[in-house]
Every structure is written in C-alpha cells, then in structure tokens.
C-alpha cells in the first residue's frame with residue numbers, strides 16, 4: 001500500500017496504481033498537460049471510497065509506503081485508463097502501423 005499526497009490531501013491506494021499514477025503524472029507535467037483521474041481509495045478505517053485526483057505539474061504528488069491490515073481497493077478501471085493514456089502518449093497515431101489495403105492506390109491511379 002502507498003500513501004499518495006496531493007493538494008493537502010492524502011489517500012491510500014495499492015502499489016501498482018501508485019506507480020502508474022506517478023508515471024502518468026510525470027508524463028503530463030513534462031507536456032504541460034492536465035487530467036482528472038477517478039480512483040478508489042481506502043479510508044483509515046478500511047472503507048473504500050472514490051477520490052478524484054487532479055494530475056498536473058502545479059499539483060505535486062508525493063508517495064510513501066504504508067502497511068495496513070486491509071486489502072487494496074479494486075482499481076482495474078483506473079489502471080486500464082491510465083495505461084491507455086500512457087500508451088497513447090508514447091505511441092502517437094502516426095507511429096503506428098497503417099492498414100495494408102491498397103484499394104486507395106487503385107482508385108488514385110485509375111487501376
């Protein structure tokens with residue numbers, strides 16, 4: 001478990017989400033972009049709630065370890081969203097393979 005601190009707030013999340021969230025925050029900060037991410041967090045009594053995390057360079061994140069007897073909240077949706085966004089930033093559309101159909105060439109050259 002990790003404590004993530006931002007904008008005078010602190011939240012408890014699983015290790016995997018914490019590292020992916022930090023990676024995405026760094027990529028946004030590098031590009032001077034921002035995003036809001038909805039994550040599931042643990043309260044101090046072990047109850048699960050939702051938190052909207054503002055990710056931008058002006059809102060620094062801090063992470064530290066925590067050990068609690070509670071299990072990690074399920075953040076599969078948040079992790080999928082973060083990974084898609086990271087992938088889209090590191091693999092822009094112009095760098096991806098294009099369809100191999102040649103039909104547009106046949107039309108352009110009247111073949």
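The values are calculated or read from the model by the stated rules, or taken from the named source; none is laboratory data. These numbers come from a predicted model, not from an experiment. All Cβ positions, even for glycine, are placed from backbone atoms using ideal geometry, and neighbour counts span all protein chains on display.
Details
- Matching option when the condition is part of a strand (DSSP E or B) and at pLDDT 95 or above, among 83, 40: 40
- Checking each residue in the stretch 56-71 for being surrounded by fewer than 10 Cβ atoms within 10 Å (Cβ to Cβ), under 29 Å from residue 31 (Cβ atoms) and in contact (Cβ under 8 Å) with a residue 40 or more places away in the chain picks out only 65.
- Residue list for the stretch 48-71, filter: outside any strand (DSSP E or B) and under 12 Å from residue 11 (Cα atoms): 61, 66
- Of 36, 82, all but one fail to be over 15 Å from residue 10 (Cβ atoms) and in contact with a helix residue (DSSP H, G or I) (Cβ under 6 Å, 6 or more places away or on another chain); the exception is 82.
- The set of residues in the stretch 1-20 that are within 11 Å of residue 75 (Cβ to Cβ), out of contact with any strand residue (DSSP E or B) (no Cβ under 7 Å at 6 or more places or on another chain) and not in a loop (DSSP other than H, G, I, E, B) comprises 16, 20.
- The set of residues from the stretch 21-32 being surrounded by fewer than 13 Cβ atoms within 10 Å (Cβ to Cβ) and in contact with a strand residue (DSSP E or B) (Cβ under 8 Å, 6 or more places away or on another chain) is empty.
- Qualifying residue in the stretch 55-64 (condition: out of contact with any strand residue (DSSP E or B) (no Cβ under 8 Å at 6 or more places or on another chain), at pLDDT 90 or above and closer than 16 Å to residue 84 by Cα): no
- Some residue of the stretch 21-29 being assigned to a strand (DSSP E or B) and in contact with a helix residue (DSSP H, G or I) (Cβ under 6 Å, 6 or more places away or on another chain): no
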